[in-house]
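Here's the structure we're looking at; comments come further down.
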Amino acid sequence: MRPIQMVDLQTQYQKIKADVDRGIEEVIASAQFIKGPKVNDFRQHLEQYTGARHVIPVGNGTDALQIALMALGLKPGDEVITPTFTFIATAEVVALLGLTPVVVDVEWETMNISVEAVRRAITPRTKAIVPVHLFGQCADMEPLLAVAKEHHLYVVEDACQAIGAQYTFSDGTVRQAGTMGDIGCTSFFPSKNLGCYGDGGAIFTNDDALADHMQAIANHGMRVRYHHDEIGVNSRLDSLQAAILDAKLPHLDEYIAARQAAADFYDKAFSEREDILIPGRLAASTHVFHQYTLRLVSTDRDAMRERLAANNIPAMVYYPIPLHMQKAYRNPRYREGDFPVAERLAGCVLSLPMHTELDNQQLEYIVRSVLA
Ligand SMILES: *Cc1c(COP(=O)(O)O)cnc(C)c1O
């Protein structure tokens, strides 16, 4: 049996090596390392794949979120609502821009932002909501978008973990993660579902004016060379990463299917155990399983993690501390106990190995070790 890894990027690379290597060689031969034609090729292919009217490639997912918020013209003190159970980047950019992160609790089953909690957190200063499609499943966007519309709030989706996930609205419309709100953000960090071999990210929008604005912000606030209309940043996807991503994008659907097959295997194995809860599903969304995350309700998580480690099975805790309990984000308005679901999740979640290269022998072995 091959050693079990949280993510196996080597085996995945071996299967597409010829295409990836050719793309890299083309970039090096052209010496167009920044803003080369590969970046535009990939941008167009990603527009086709996602159905987004505009894709803006940027340096990483965190930059994508920052540029998105910069484009909305928010003012210091404006409030931006985010879930408290997420990766730090979601709130980090809000705080960096002098905006006020307002955190809310999540749903126990899906671990995604609670729309009811969002509704209760809205004040006259609220300007935007940043839902996170955590672990690869869309937040419940139809009611969330309705709340946003009712209160005239922007919606910036953090789709860093959910590229390719699909949400079906009650009228039958199907949209991809990142293309439902005003702006969507994704990351191509190597371990993400569509990962490059370094840092990368992209912004999605269907709004022409926002697209133009974000393109300028990502390029030093510049539309005409050396004319700076506003203060921007420098954030680009480089040509080598674009070539790698362009070689991988045609495989994204099979990668998603492989993750879903592994998740089905896990689901079946754990479905009878009352102390090991499988990831809850939202009927309206597909799940692309960036992570397969169990909730261990009466089993001791740390003991389980140690037992798996003793069997050479890695397992990770995403995320051990909710935002409102992070030292850097302590805020007198929040106390431990304020967000009971997120706090309970932080204490009981455990993510199992999840990637495109898990075979049945490995899955059997992981399942046996979890159930032992
Ligand atoms: C990975 C991730 C980010 C940040 O992406 P980077 O490319 O690492 O900057 C933001 N939000 C979430 C939910 C993520 O998982």
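The values are calculated or read from the model by the stated rules, or taken from the named source; none is laboratory data. For clarity, every value in this text was computed on a predicted model and none was experimentally measured. Heads up, the Cβs are rebuilt from the backbone with ideal geometry, glycines too, and the neighbour counts pull from every protein chain shown.
Under the condition of being surrounded by fewer than 17 Cβ atoms within 10 Å (Cβ to Cβ) and acidic (Asp, Glu), which residue from region 171-208 is nearest to the ligand (Cβ to nearest atom)?
Only one residue fits best here, namely Asp207.
The rows are residues; the columns are (1) over 21 Å from Pro353 (Cβ atoms); (2) among the polar types (S, T, N, Q); (3) in contact with a Leu (Cβ under 6 Å, 6 or more places away or on another chain); (4) touching a residue at least 24 places away in the same chain (Cβ under 8 Å).
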residue	(1), (2), (3), (4)
Gln176	yes, yes, no, yes
Cys185	yes, no, yes, yes
Ser191	no, yes, no, yes
Thr205	yes, yes, no, yes
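Looking at region 37-58 only, could you name the residues that are under 15 Å from Gly184 (Cα atoms), in contact with an Asp or Glu (Cβ under 8 Å, 6 or more places away or on another chain) and surrounded by fewer than 22 Cβ atoms within 10 Å (Cβ to Cβ)? Break it down into steps so the answer makes sense when it comes.
Restricting attention to region 37-58, the residues satisfying the condition of being under 15 Å from Gly184 (Cα atoms) are 43, 46-47, 49-58.
This time we only want the ones that are in contact with an Asp or Glu (Cβ under 8 Å, 6 or more places away or on another chain), so: 53-55.
Listed by number, the residues that qualify are Arg53, His54.
Of all residues in region 161-170, count the ones that are more than 10 Å from the ligand (Cβ to nearest atom) and under 28 Å from Tyr13 (Cβ atoms). Please lay out each step first, then the result.
To start, the set of residues in region 161-170 that are more than 10 Å from the ligand (Cβ to nearest atom) comprises 163-170.
Filter once more, so that each one left must be under 28 Å from Tyr13 (Cβ atoms): 163-166.
Of the residues in that region, 4 qualify.
Tell me which strands (runs of 3 or more DSSP E) are completely within region 140-195 and hold 2 or more residues being over 12 Å from the mean Cα position of the chain (by Cα), or say none if there are none.
Working: elements: 154-158, 166-168, 174-176, 183-187.
Correct list: 154-158, 166-168, 174-176.
Return the residue satisfying two criteria in turn: it lies in region 1-17 and is hydrophobic (A, V, I, L, M, F, W, C) and in contact with a helix residue (DSSP H, G or I) (Cβ under 9 Å, 6 or more places away or on another chain), and of such residues it is surrounded by the fewest Cβ atoms within 10 Å (Cβ to Cβ). Working first, answer last.
The first filter runs over region 1-17 and keeps only residues hydrophobic (A, V, I, L, M, F, W, C), leaving 1, 4, 6-7, 9, 16.
Keeping just the survivors that are in contact with a helix residue (DSSP H, G or I) (Cβ under 9 Å, 6 or more places away or on another chain) gives 1, 4, 16.
Values: Met1: 9, Ile4: 22, Ile16: 15.
The selected residue is Met1.
Is at least one residue of region 142-153 within 14 Å of the ligand (Cβ to nearest atom) and buried (at least 19 other Cβ atoms within 10 Å of the Cβ)? Write out each step before concluding.
The initial filter retains those residues of region 142-153 that are within 14 Å of the ligand (Cβ to nearest atom), namely none.
So far as region 142-153 goes, no, none of its residues is within 14 Å of the ligand (Cβ to nearest atom) and buried (at least 19 other Cβ atoms within 10 Å of the Cβ).
Determine if region 58-65 includes at least one residue that is in a loop (DSSP other than H, G, I, E, B) and either not assigned by TED's automatic domain parsing to the domain that holds Thr293 or not small (Gly, Ala, Ser) (or both).
Taking region 58-65 first, the residues in a loop (DSSP other than H, G, I, E, B) are 59-60.
Of the ones still in play, those that are also either not assigned by TED's automatic domain parsing to the domain that holds Thr293 or not small (Gly, Ala, Ser) (or both) are 59-60.
Taking every residue of region 58-65 in turn, at least one turns out to be in a loop (DSSP other than H, G, I, E, B) and either not assigned by TED's automatic domain parsing to the domain that holds Thr293 or not small (Gly, Ala, Ser) (or both).
Quick test for you: out of Asp158, Asp238, pick the one residue that is more than 20 Å from Arg53 (Cβ to Cβ), touching a residue at least 12 places away in the same chain (Cβ under 8 Å) and either within 16 Å of the ligand (Cβ to nearest atom) or in contact with a Lys or Arg (Cβ under 7 Å, 6 or more places away or on another chain) (or both). Break it down into steps so the answer makes sense when it comes.
Details: Asp158 fails: more than 20 Å from Arg53 (Cβ to Cβ).
That would be Asp238, the only listed residue that is more than 20 Å from Arg53 (Cβ to Cβ), touching a residue at least 12 places away in the same chain (Cβ under 8 Å) and either within 16 Å of the ligand (Cβ to nearest atom) or in contact with a Lys or Arg (Cβ under 7 Å, 6 or more places away or on another chain) (or both).
From the list Glu157, Glu254, pick out the single residue that is of a type in the set (Asp, Glu) and touching a strand residue (DSSP E or B) at 6+ places or on another chain (Cβ under 9 Å). It would help to see each step written out before you state the result.
Numbers: Glu254 fails: touching a strand residue (DSSP E or B) at 6+ places or on another chain (Cβ under 9 Å).
The unique qualifying residue is Glu157.
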